[in-house]
Amino acid sequence: MTTPVETVPSRGTGDRLATPLPPAGRPRRRRGGIAPYALLVPATVALAAIIGWPLIQLFIMSFQEFGRAQVFGAPAPFVGFDNYTAVLGDAQFWNVLARSVLFCLVNVVLTMVGGTLIALLMTRLPAFFRVLMSVGLLLAWAMPALTATIVWGWMFDTSYGVVNYVLTSGFGLDYDDHSWLIEPISFFFVATLIVVWGAIPFVAFTVYAGLTQVPDDVLEASSLDGASATQRFRLIIVPYLRSIFLVVTILQIIWDLRVFTQIFALQGIGGVREQTSTLGVYIYQVSLGTGEYGMGGAIAVITVLLMMAISAYYVRHIVREEEL
């Protein structure tokens, strides 16, 4: 049986070269063999040891009656789905979940819009001001979340905060001794400022790196054709950066859905825990606060499943793009 050939024109001559094609019905082999998989083994082993085993323990604990007595060695009997039934039947859990999802969506939208606008601004700035802005973003990004929360808490302090002083002295508003953390809406307003302020640098740097790869000739041609700045962004930049926007958005959703430090620290400064807890803080309160580690494990497993569903959407989208 002869192997089919494909004639391909050679460069610089009129001759044609015969290039053998793979037999029909036989899938093409991917280059690299097992080498790429072998390189992934160390990272896979490390992740399995650091993340996999604790997840297994958490999953087992969620099906047990695990309290303070079990922490000190008492046997932990299995109770089936009782912990999940108790959690899913608790109205407080659904309030916390709805509050967490809404808080996450607001943060993601503000972070993506703000980071994209700053990235677009960086493409127009002169080199000196672009470097200056990059340094400022890096400083904001490098600041630990707890430190940033304490600083912002001082700014919104009831008696000595600079925000109340500026609103009262500069704008003539009645904000003397105003407490920003006592009401849930104003509490989450401050928390949103802190979270978005710390997350925008990552989005700005990532989108700016993608913007540098958009062909200038395509943008110039669209400008000559009469496209406005909004049309160029929507019809040219967004398609080029679709994968980047997707990856960054998924990461922001995962990070903002499990935010802990900012909420917990603000509650310590003056927030009402029952009205401001999100999923991360709620798991901590149920587990360490009341000693119900089994129920806390069930809430954590539900949160992990929710994040895995979001990650699965991202992986599925990436696989589809590679198949095209």
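Every read-out reported here was derived from the displayed coordinates using simple, explicitly stated rules and does not represent laboratory data. Remember, predicted model here, so these are calculated numbers, not experimental data. Note that we place each Cβ from the backbone using ideal geometry, even for glycine, and neighbour counts take in every protein chain shown.
Listed by Cβ neighbour count within 10 Å, with the fewest neighbours leading, Met112, Met307 appear as Met307, Met112. Labels on offer are (i) 18.4, 59; (ii) 29.4, 97; (iii) 26.9, 92, and the one holding Rg and Dmax of the Cα atoms in Å computed from this structure is (iii). Dipole orientation for segment 204-324: of the candidates Val248, Ser222, Ile283, Ile283 has the Cα lying most toward the positive pole (charges on Cβ; Lys, Arg +1; Asp, Glu -1). Footprinting exposure proxy ranking of Val151, Val106, Val96, Val195, fewest other C-beta atoms within 10 angstrom first, gives Val151, Val106, Val96, Val195. Legend: ranking of residues Arg68, Arg258 from fewest to most surrounding C-beta atoms inside 10 Å; resulting order Arg68, Arg258.
For the chain, complete DSSP H runs whose alpha carbons reach 20 Å or more along their own long axis and whose mean Kyte-Doolittle score is -1.0 or higher are 91-124, 127-142, 184-211, 242-257, 293-323.
Around the Cα centre of the chain, unit charges on the Cβ atoms of Lys, Arg, Asp and Glu (plus for the first two, minus for the last two) sum to a dipole of about 1380 debye. Straightening the chain between Ile60 and Asp176 buys 36.6 nm, computed as 0.36 nm per residue apart minus the Cα-Cα spacing. Between Trp53 and Leu105, what FRET efficiency comes out of the Förster formula 1/(1 + (r/R0)^6) with R0 = 35 Å and r the beta carbon distance, rounded to 0.05? E(calc), rounded to 0.05, equals 0.60.
For the pair segment 89-123 / segment 267-306, the C-alpha centres are spaced 19 Å from each other. The H on the amide N of Gln64, modeled in the peptide plane, is under 5 Å from the matching H of Val79, each at least 5 residues off or on a different chain. Radius of gyration (Cα atoms) of segment 93-285, expressed as a multiple of 2.2 N^0.38 Å: 1.20.
Taking a spot 7 Å from the Cα of Val79 along the direction of its beta carbon, which residues of segment 281-318 have an amide N less than 19 Å from it? It comes to 282-303, nothing else.
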